[in-house]
Amino acid sequence: MPAVLRPLAFISIIGFLSACSPAEYKVIGKASDSPACHLSSSICVETPVFRRVDYEKDEMLIAYDQQKPTEIADAVLKKYKLQAKRTDSLDSISTTMITAATNGQDPYDLVKSIKANETDVDAATSNFYVSASLNGAPIGEYPLGLTGADAMRQRTTGRGVVVGMIDTPIDINHDSFRSTIDRVELIPQGDERNRLHGTEVAGVIISQNARIGIAPDTKLIAISAFSTNPANPDERRSNSSLVARALERAMLEGVQVLNLSFAGNADPIVDKLVEAAIQKGIVVVASAGNGGPGAPPAYPAALPGVIAVTAVDKNEQVFNHANRGNYIDLSAPGVGILTTAPRSSFQVSSGTSLATAHVTGAIALLKALNPNFNPESLKHTATDLGPPGLDQDYGHGLINVERALAAQ
């Protein structure tokens, strides 16, 4: 009997995990804490214990102070049988970052060992980040009137403001992209699917189409760091190494507002770079995430100083796939949104990615009128939704552009 029960239990748990998430899981042990185990070993069913593999399986990051000699990192690479793939200088946080191949070793275990035994370097897994939009949602009413962005666009189109976005590559030749776009490619352009999410997000920010773009004359620095996940063709994914390099580049480019329409877990290097961007005066806007009400806080949105944005529909109801939490600051239109797609086409999509882009575009409009605009005023001037005051579904409420301008 036990020989039959064990594989059945294993299959049922794998099926449950697969239904919850496309991520991989690794068996790291077995648990024998069922009531049957306390009665007799002959009827005990050991349950596998899993760890989610939400990081690159053959890659890790080694970081150390730029002032220290490279020999300290070389010694660690040799000791742990690692192979350097590339080295990047993250000047904004005075750090040298080495992206290293682990040669078949589990990065998670290596990180634990290096942290426990080495003092001159830090180690981290190269954690995954995923884009935050879903395609194919029913089209809603034109959303710009909900926030006052359409009225504000009669006064300014965002000219003179530099916005950065870290996303997939975009279709830079789209017919409705006539504003200034600088493209920074950290990954190849790839096919149309690979360019979809970035093109959608860019459209909400700068499209010249009056039904789509919030700030059509804003200069956009489009940094490509996300690409199609081979294990899930509908998902766009990146990792800590690429996102760190993209953040450093955004700061070098002098962006004033930075759109991060993606979500992941806390990360030691990425989080420091986001904090450095905020210290430089860059307004960082990030997606609250599409994990649903039970999901943990999404990063970098959950970092202090980041404007975390959730999505609402045309009836000002929160997107049912959106994360909830006390880190959420603002709501914006993000359900059934018409936006741009590759090959000069258009598409209807939903998600906190698009709501984030809406807020980014609105901030560009406000900064064009007042370069010293304080984004904190967006929280105090938002249209309250849900329970009175700050709440975990809507944050401070729906962004209200006209009210925010009047408060300056």
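The values are calculated or read from the model by the stated rules, or taken from the named source; none is laboratory data. These figures come from a predicted structure and were not determined experimentally. Note that we place each Cβ from the backbone using ideal geometry, even for glycine, and neighbour counts take in every protein chain shown. Areas reflect the complete protein model, heavy atoms only, side chains present, ligands, DNA and RNA absent. Shrake-Rupley method; radii C 1.70, N 1.55, O 1.52, S 1.80 Å.
Please list, ordered by chain and number, the residues whose modelled amide H lies under 5 Å from the amide H of Asp182; skip anything fewer than 5 residues away on the same chain.
Leu220, Ile221, Ala222
Quantify, in whole percent, the carbon and sulfur part of the accessible surface of segment 199-244 (1.4 Å probe; protein heavy atoms only).
On the way: 500 of 1130 Å².
Carbon and sulfur: 44 percent of the exposed surface of segment 199-244.
Using only the Cα atoms of segment 221-342, what are the Rg and Dmax in Å?
When restricted to Cα atoms, segment 221-342 yields Rg and Dmax of 14.5, 40 Å.
Per residue and in cubic angstrom, what volume does the convex hull of the Cα atoms of segment 54-124 have? Let's see the in-between values first.
On the way: hull volume 5.9 nm³, N = 71.
That works out to 83 Å³ per residue.
Once you list every other residue whose beta carbon is under 14 Å from the beta carbon of Thr340, what net charge do they have if Lys and Arg are +1 and Asp and Glu are -1?
Result for the local shell: -1.
What does the C-alpha gyration tensor say about the overall shape of segment 341-383? Classify as rounded when a/c is under 1.5, otherwise prolate if a/b is larger than b/c, or oblate.
On the way: a/c = 4.24, a/b = 1.89, b/c = 2.25.
Oblate, because a/c is 1.5 or more while a/b does not exceed b/c.
Quick one: accessible area per residue over segment 64-118, 1.4 Å probe, rounded to a whole number of Å²?
56
Taking Lys314 as the anchor, which aspartates and glutamates have their alpha carbon closer than 17 Å to its alpha carbon, excluding any fewer than eight residues away along the same chain?
The qualifying aspartates and glutamates are Glu141, Asp150, Asp384, Asp393.
Any idea of the accessible area per residue across segment 313-408, 1.4 Å probe, to the nearest Å²?
37
Accessible area per residue, 1.4 Å probe, Å², for segment 221-271: what's the number?
About 28 Å² of surface per residue is accessible.
Let me check against my output: what whole-number percent is the relative contact order of segment 240-318, with C-alpha pairs under 8 Å and at least 6 apart?
The value is 29 percent.
Short version: ³J(HN,Hα) in whole Hz for each residue of segment 181-194, in order, from phi by Karplus 6.51 cos²θ - 1.76 cosθ + 1.60 (θ = phi - 60°), x for Gly and Pro, what are they?
10, 9, 9, 10, 9, 8, 9, x, 4, x, 8, 4, 4, 5
Between segment 245-302 and segment 146-221, what's the alpha-carbon centroid distance in Å?
When both Cα centres are located, 18 Å separates them.
Per 5 Å bin from zero, what fraction in whole % of the C-alpha pairs of segment 311-408 is there, up to the bin with the longest pair?
3, 14, 22, 22, 17, 13, 7, 2, 0
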